[in-house]
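Note sheet for the following structure.
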Amino acid sequence: GGQIQAVRGWRADFVALALVGLALGGSMWWRLPETLTSRSTATLSVRGVGTTYWTLMSDRCFVVFLLCGGLLTAGNFAWVAAAPFLFFQKLGISPASYGLYNLLVGGGYAVGALLVIFGEHRFSTRQTVFGGAVLGMLGTGTLLSVAMILPHALPLAGAMALYACGMGIASGAF
């Protein structure tokens, strides 16, 4: 997005997003088959939904997985909200450079997800989520340390990439 903005202006980012969205939506429409073989005839009721939620929230393992995923996602949204201000206002980074630094963060997430794919038979879901959460906490500690000691763009993006790798591992377990 930053590279497109540098060349074509900010409106071109939205045009590019719309084109990519249309291309992905069209490819899914034509290439992704329907997996639901028969429709359920059961009616949806408030009581039934409440019972299902109660069952889920009573399962300690489910709640731990839910918290791990939710907290890791919350940290990612905090980055998405704070990073532009930090990089543009405090560090003086251009939008084009900011996009390149965020490639490092996205790459961290991709590496985490790939680690899960290649190691899926070696670890249980519980071990994978725990490992991802630990890596996310390590990334958080690194990010806070870097922010206090060496507030520069590359170390900050690198620490967030470590966090994102943990998030990729934890969310890739499902």
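Determine the shape class of segment 91-174: with a ≥ b ≥ c the square roots of the Cα gyration tensor eigenvalues, call it rounded for a/c under 1.5, and otherwise prolate if a/b is greater than b/c, oblate otherwise. Cα axes put segment 91-174 in the oblate bin. May I ask which residue of GLY92, VAL49, ALA23 lies farthest towards the positive end of the charge dipole of the chain, with charges of +1 (Lys, Arg) and -1 (Asp, Glu) on Cβ and the Cα centre as origin? The Cα lying farthest towards the positive end belongs to VAL49.
Ignoring ligands, DNA and RNA, please state the percent of accessible area on segment 19-108 from carbon and sulfur, probe 1.4 Å. Mind showing how you got there, number by number?
Details: 5030 of 7210 Å².
Carbon and sulfur atoms account for 70 percent of the accessible area of segment 19-108.
Of the accessible area of segment 111-174, computed with a 1.4 Å probe over protein heavy atoms only, carbon and sulfur atoms account for 74 percent.
Computed over protein heavy atoms with a 1.4 Å probe, the accessible surface of segment 33-122 works out to 77 Å² per residue.
So which residue, out of ALA23, ALA83, ALA161, gets the largest mean-square fluctuation from a GNM of the chain using Cα contacts under 10 Å as springs? Evaluated over the chain, the most mobile residue of the options is ALA23. With an a/c value of 1.5 or above and a/b not larger than b/c for the gyration tensor axes a ≥ b ≥ c computed over the alpha-carbon atoms, segment 102-142 is described as oblate.
Given +1 at the Cβ of Lys and Arg, -1 at the Cβ of Asp and Glu and no other charges, the dipole of the chain around its Cα centre is 140 debye to the nearest 20. The candidate values are (i) 20.1, 60; (ii) 18.0, 52; (iii) 20.3, 57; the one derived from this structure for Rg and Dmax of the Cα atoms in Å carries the label (i). Extension gain for the segment VAL7 to SER124, taken as residue separation times 0.36 nm less the Cα-Cα distance, is 37.5 nm to one decimal. For segment 127-135, putting each phi into the Karplus relation 6.51 cos²θ - 1.76 cosθ + 1.60 with θ = phi - 60° gives couplings of 5, 5, 5, 4, x, x, 5, 5, 5 Hz, in residue order, rounded to whole numbers and with x for Gly and Pro. Between segment 114-174 and segment 31-64, how many Å separate their Cα centres? Going from one Cα centre to the other spans 30 Å.
The values are calculated or read from the model by the stated rules, or taken from the named source; none is laboratory data. Since we're looking at a predicted model, the values are computed, not measured. Cβ atoms come from the backbone with ideal geometry, glycine included; neighbour counts cover every protein chain shown. Surface accessibility is based on the protein's heavy atoms, side chains included, excluding ligands, DNA and RNA. Shrake-Rupley method; radii C 1.70, N 1.55, O 1.52, S 1.80 Å.
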